[in-house]
Amino acid sequence: MAGNGNSDGEFSFSAAAARDALARITTEKGTKAPTSTDVCHDDTASPVSFQTIDELHSLQKKRSAPTTPLKEGGGVVIGTSGPTTPVSGESMLQSVSASLASLTRETGPKVIRGDPTSAAKVSHVPQTPTSVPATDISDSALKFTHVLHNLSPAELYEQAIKYEQGSFITSTGALATLSGAKTGRSPKDKRVVKDETTASELWWGKGSPNIEMDEQAFLVNRERAVDYLNSLDKVFVNDQYLNWDPENRIKVRIVSARAYHSLFMHNMCIRPTPEELENFGTPDFTIFNAGKFPCNRYTHYMTSSTSVDINLARREMVILGTQYAGEMKKGLFGVMHYLMPKRKILSLHSGCNMGKDGDVALFFGLSGTGKTTLSTDHNRYLIGDDEHCWSETGVSNIEGGCYAKCIDLSREKEPDIWNAIKFGTVLENVVFDEHTREVDYTDKSVTENTRAAYPIEYIPNSKIPCVGPHPKNVILLACDAFGVLPPVSKLDLAQTMYHFISGYTALVAGTEEGVKEPRATFSACFGAAFIMLHPTKYAAMLAEKMQAQGATGWLVNTGWSGGSYGSGSRIKLAYTRKIIDAIHSGSLLSATYQKTEIFGLEIPNEVEGVPSEILEPMNAWEDKVAYKETLLKLAGLFRNNFETFTSHKIGEDGKLTEEILAAGPNF
Ligand SMILES: Nc1ncnc2c1ncn2[C@@H]1O[C@H](COP(=O)(O)OP(=O)(O)O)[C@@H](O)[C@H]1O
Ligand SMILES: C=C(OP(=O)(O)O)C(=O)O
Ligand SMILES: [Ca+2]
Ligand SMILES: [Mn+2]
């Protein structure tokens, strides 16, 4: 019989022995309380060291060892039964108090470490010792804010389940949560403070994701968020890092109201060691996530009750009116798109993995094109699924976790993602069986954008630390729902830049209301929503790096074949994986190629494991006239989109700019 661990395969259990193991009940009556020597026990039961239920409970939890001893009577409050983690204590609390301080009143919040419901003896936390005129004292200054600092996943589970509606443990141990009314990002509600510096540095105007607000409006929203957070019994504070490149690591602090948000960022950012946390000091960037609380439309620049505001000068981000956790991750990505190019480092909206021989591939693409799915490859080391940096020395992941789509997730097609959905993983907006807690990944009742956020080490072949050498292949992913782009084509540098700047994908608008026209999306650098500078700045850096490293560009269509959405079908994931394998191995480089009309793309005649009929898209279409019309239509959309860039020079090289302009469709 399997499972009992006996080497000879036998299982034995003596009922008599088990009965004897029970401590005997003493029935003796007497005035004196029984001592351990009075209690009759046999040699299999050990003496108990507790006399009361409270004592028993106090034995259950061992205090986490702080890396430095906390001062006796030093004023830092540590909960005895509330969640605790080893940190620097006093300096951390003072730093958090400074983060949470109102900018309009003279006294900051009083902060205490630990859960407000814990039985901890609460003593005072030292505040900035200013003597405040009585008229400036407000009730909010008299109140304590409990700080739950860098809790562990287990502690965050307990917080979520106790206090946040819609939090459940699924059958595989993940934490199912609801993100509330917003189940995706709100790009129209993004605001960036336009000041003297950012006015000239950032990309503003048509096509730009940066919608302006002024410093004053930012401060109004900041105060709103901080007052909201301080009005709560407790706030969660995460101190973590971005970027696995140690030279260019950024310290981030996330202050939030929900355990869901804290666990999400615990998984998505880089987790500090206890020693690093102790020496964390002042963060480089702080998020105030008050997403449960709306912004006020009477505030200048506000057009809805949602606002995601970035102030680069203050190094702060404020979130009001959306609880979708992805705002925090992608908001920080935007900040990196500003900070990194200043250091001559290129930030990339791409997945990244590495083969056994150290060959690195980047996977660019808009949402839903396959960055996460294709970078998670059992035969390769995962460096990251979404946000990277490319510096003088190679690539590094910005994050410490992955954020995978779960809709229609299957164990067969995506085993590593499937297996990563376990204890510690945040599962957003999925539907599950109320009794078994088994998740139905096909259910879109809450949203189609169901997600799993897990630490990168949950993928068995992740590369820790998440860094690698210079990329050999740069793969541009497009999910072409028109079905006219080839499943794979090899690009020269000018074509790579043309398609990088275009940032094309086409998805289907609404799958529910029957067959609809695919909608083309062009998003510069495959991530216009997150870039801060003009797209040509990133493009020039990419061209320079690809040229210097001799990297090859590829365009891979992970969308439709044999017709547009409705008549054709999505290219099988198994075929796309074969195509990607052939790129990684280098075998696709030695294939014979032919050039397509209009787009001028080089397509291979053969790819191992892929039916050759589908490699030239026209072959897969029955109606050749419809194919040609659709192709021309898409070419027109590309041309219109690129018009805004025709007046821009890419880098120093005037020749490259001309070549890029010529690398688009010809018709
Ligand atoms: N041929 C294909 N190539 C890549 N992904 C595919 C393919 N067919 C279906 N899919 C599905 O499309 C989705 C791709 O999404 P994802 O990898 O999360 O994109 P991104 O990370 O770029 O936002 C996944 O749900 C995946 O299962
Ligand atoms: C989290 C996101 O990334 P992606 O869809 O590319 O995985 C997003 O765009 O909100
Ligand atoms: Ca994205
Ligand atoms: Mn992704």
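Each value in this text was obtained by applying a stated rule to the coordinates, not by laboratory testing. If you're wondering where the values come from, they're calculated on a predicted model, not measured in any experiment. All Cβ positions, glycine included, derive from the backbone under ideal geometry; neighbour counts span all protein chains shown.
Quick rundown of the values:
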quantity	calculated
Net charge of Cβ neighbours under 13 Å - reference Cys389; Lys, Arg +1; Asp, Glu -1	-1
The chain - share of DSSP beta bridges that are antiparallel (%, nearest 5)	60
5 angstrom amide H check on Lys234, placed H, neighbours 5+ away	His146
Loop trypsin sites (Lys or Arg not before Pro), segment 572-601 (other Cβ atoms within 10 Å of the site Cβ: 15 or fewer; DSSP)	Lys572
Separation of alpha-carbon centers, segment 551-576 and segment 441-493, rounded to whole Å	14
Phi-based couplings in Hz for segment 329-346 (Karplus 6.51, -1.76, 1.60; Gly and Pro marked x)	4, 6, x, 5, 4, x, 4, 5, 5, 9, 5, 5, x, 4, 9, 6, 10, 8
Those GluC sites (Glu not before Pro) in segment 397-430 that DSSP places in a loop and that have at most 14 other beta carbons within 10 Å	Glu412
Out-of-range pairs (alpha-carbon distance over 26 Å; input Lys206/Lys490; Lys490/Lys628; Lys234/Lys342; Lys444/Lys628)	Lys206/Lys490; Lys234/Lys342; Lys444/Lys628
Contact order relative to length of segment 224-383, as percent, for alpha carbon pairs under 8 angstrom and 6 or more apart	15
Of every Cα-Cα pair in the chain, the percent that sits beyond 46 Å	27
Calculated [θ] (222 nm, deg cm²/dmol) that DSSP helices of n ≥ 4 give over the chain, each run adding -39,500 (n - 2.57)	-7500 deg cm²/dmol
Amide hydrogen neighbours beyond the local backbone of Ala506, cut-off 5 Å, H modeled	Cys479, Asp480, Ala481, Thr521
Candidates per trypsin sites (Lys or Arg not before Pro) in segment 318-371, loop by DSSP, up to 14 other Cβ within 10 Å	Arg343, Lys344, Lys356
For Gly205, net neighbour charge (Lys/Arg +1, Asp/Glu -1) across residues whose Cβ lies under 12 Å away	+1
Other-chain or far-sequence residues with amide H under 5 Å of Phe599's (modelled H)	Asn666
Exposure proxy order (Cβ contacts within 10 Å, fewest to most) of Thr657, Thr393	Thr393, Thr657
Local net charge near Gly401, Cβ-Cβ under 11 Å (Lys/Arg +1, Asp/Glu -1)	-3
Ordering of 532-542, 94-104 by packing [mean C-beta count within 10 Å, highest first]	532-542, 94-104
Derived scalar couplings ³J(HN,Hα) [segment 316-326; Karplus, 6.51 cos²θ - 1.76 cosθ + 1.60; whole Hz; x for Gly, Pro]	9, 10, 10, 10, 10, x, 8, 9, 4, 5, x
Calculated from backbone phi, Karplus (6.51, -1.76, 1.60) coupling profile of segment 297-309 in Hz, x at Gly/Pro	5, 6, 6, 3, 6, 8, 10, 8, 8, 10, 8, 10, 10
Cα gyration tensor, segment 550-589 - rounded (a/c under 1.5), prolate or oblate	prolate
Using a Förster distance of 45 Å, the FRET efficiency for Phe50-Ser138 (Cβ separation, nearest 0.05)	0.50
